[in-house]
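The next block holds one structure in the form of structure tokens; read it before the comments.
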Amino acid sequence: MEFIDPALLAYCEDHTTTEDDLLLKITRETQAKVMMPRMISGQLQGKMLELFVKMQNPKTILEIGTYTGYSGICMARGLGKEGKLITLDINDELETMVRGFFEESGLAEQIDYRLGNALEIIPTLPGPFDMVFIDADKCNYGKYYDLIIDKLNPGGIILADNVLWSGKILVEEGQKIDKDTQAILDFNSTVQNDSRVENALLPIRDGVMMARKKS
């Protein structure tokens, strides 16, 4: 589902800071070697993440869903010298590629890349986190939220990708809902009704939910 006219999207990209050689390389290799390359963050979302980090100035970021490392590198670029990104992914087949990209970025020392089940890893992380980016299996969005909300510092931000789910969240009466769509609907409702946060659903790419934990 297209959320914006292709010509307007192209205009937005033309007026967003250009990707450098490394990000272009990650995009090319993802498209050539990895299944479902559309999952990569891309220019608009990547720069948005970097700018959010620069504005928030977090000490520790948690990313749930590394994929091929594009979003992680964008966020790590926004960190201060003492900042740290912990990024989790379950797909060990991409490990060599991803670690190579992290090394090329010159930021590998600030990136803690861990492989395994995020539902098992997150409880072992002491926190606190200043920013969390969720971009993993949709069925567990609600579980991830429950695990991280108490580890998030007051004023910290949660960003969750794909919350418009290609428009599938607009359910017609009597329509059968698949489990991923239901999980996104439930997650969006959870955030909207959580008095601990203030939130905005941004129609960027496939939808980004932004929630700030109240002080």
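Values quoted throughout were computed directly from the atomic coordinates according to the rules given, and no laboratory measurement underlies them. Model, not experiment: these values are computed from the prediction. For neighbour counting, all protein chains shown are included, and Cβ atoms are generated from backbone atoms with ideal geometry for every residue, glycine included.
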Could you tell me the largest-minus-smallest coordinate of the C-alpha atoms of segment 58-153 on each of the three principal axes, in descending order and whole angstroms?
-> 34, 30, 19
Report, in cubic angstrom per residue, the convex hull volume of the C-alpha atoms of segment 101-215.
-> 128
Where the Cα atoms of segment 154-201 are projected onto their three principal axes, how long is each span, largest first, in whole Å?
-> 40, 19, 16
What FRET efficiency comes out for the pair residue 29/residue 185, r = Cβ-Cβ distance, R0 = 35 Å, nearest 0.05?
-> 0.55
Distance in nm between pseudo-label sites at residue 12 and residue 170 (7 Å out along the Cβ direction from Cα) | 1.6
So between residue 117 and residue 178, what do we pick up on full extension, going 0.36 nm a residue minus the alpha carbon distance?
-> 19.7 nm
For the chain, convex hull of alpha carbons as volume per residue, Å³ = 128
